[in-house]
Amino acid sequence: MFHKIEKLTSIGKFRDFSAHGDIAFKPLTVIYAENGSGKTTLAAIFRSIATNNPSLISKRVSTNSTMPQMAQIHHRSDLADPTTQTTITYRRNAWSTGNTNIEVFDVHFISENVYSGFEFTNDQRKQLHHFIVGAQGILIKQHIEHECF
């Protein structure tokens, strides 16, 4: 689990962010703020780590930035044991390590996995069954597979 964002430099709204005080993530951490404050940038950072896709960060270079992009995030495999902490670092358009054990539920997740009424692609049809539970859900899944494949 991510424990703490230590430093973000030249990534979106975070031109030169350094952690101060006790801002560690808890087992449930909710991030909410006004529009334009950096929530989507944080989601892009987490998605970049999860998919090991550095381009999600490089596309978000801060305006008028003179410093190279950098991120430093602490990760703990055991929340009760601080010695299990490792640091995941983004430098020179690459992550020091990835972390596929996270999922980011953002607008991109919705676009890729949920039928929203705007667009219904084959990829969405394939993923739709992951959100259906119960006998009725099974019937819907079978109908989709029969009609679409």
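The values are calculated or read from the model by the stated rules, or taken from the named source; none is laboratory data. As the structure is a computational prediction, the values presented were derived from the model and not from experiment. Cβ sites come from the backbone with ideal geometry, for glycine too, and all protein chains shown count toward neighbours.
Answer with yes or no whether F25 is assigned by TED's automatic domain parsing to the domain that holds T66, touching a strand residue (DSSP E or B) at 6+ places or on another chain (Cβ under 8 Å) and within 25 Å of D81 (Cβ to Cβ). Spell out the reasoning first.
On the way: assigned by TED's automatic domain parsing to the domain that holds T66: yes; touching a strand residue (DSSP E or B) at 6+ places or on another chain (Cβ under 8 Å): yes; within 25 Å of D81 (Cβ to Cβ): yes.
So F25 fits the description; yes.
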Study note, to complete from the structure: Out of (1) surrounded by 15 or more Cβ atoms within 10 Å (Cβ to Cβ); (2) more than 22 Å from N101 (Cα to Cα); (3) charged (D, E, K, R), the one K39 does not meet is (2)
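Have a look at V114, V107 and point out the one that is hydrophobic (A, V, I, L, M, F, W, C), more than 14 Å from the chain's Cα centre (by Cα), modelled with pLDDT under 90 and under 30 Å from K141 (Cβ atoms). I'd like the intermediate steps shown before the answer.
Values: V107 fails: more than 14 Å from the chain's Cα centre (by Cα).
Residue meeting the stated conditions: V114.
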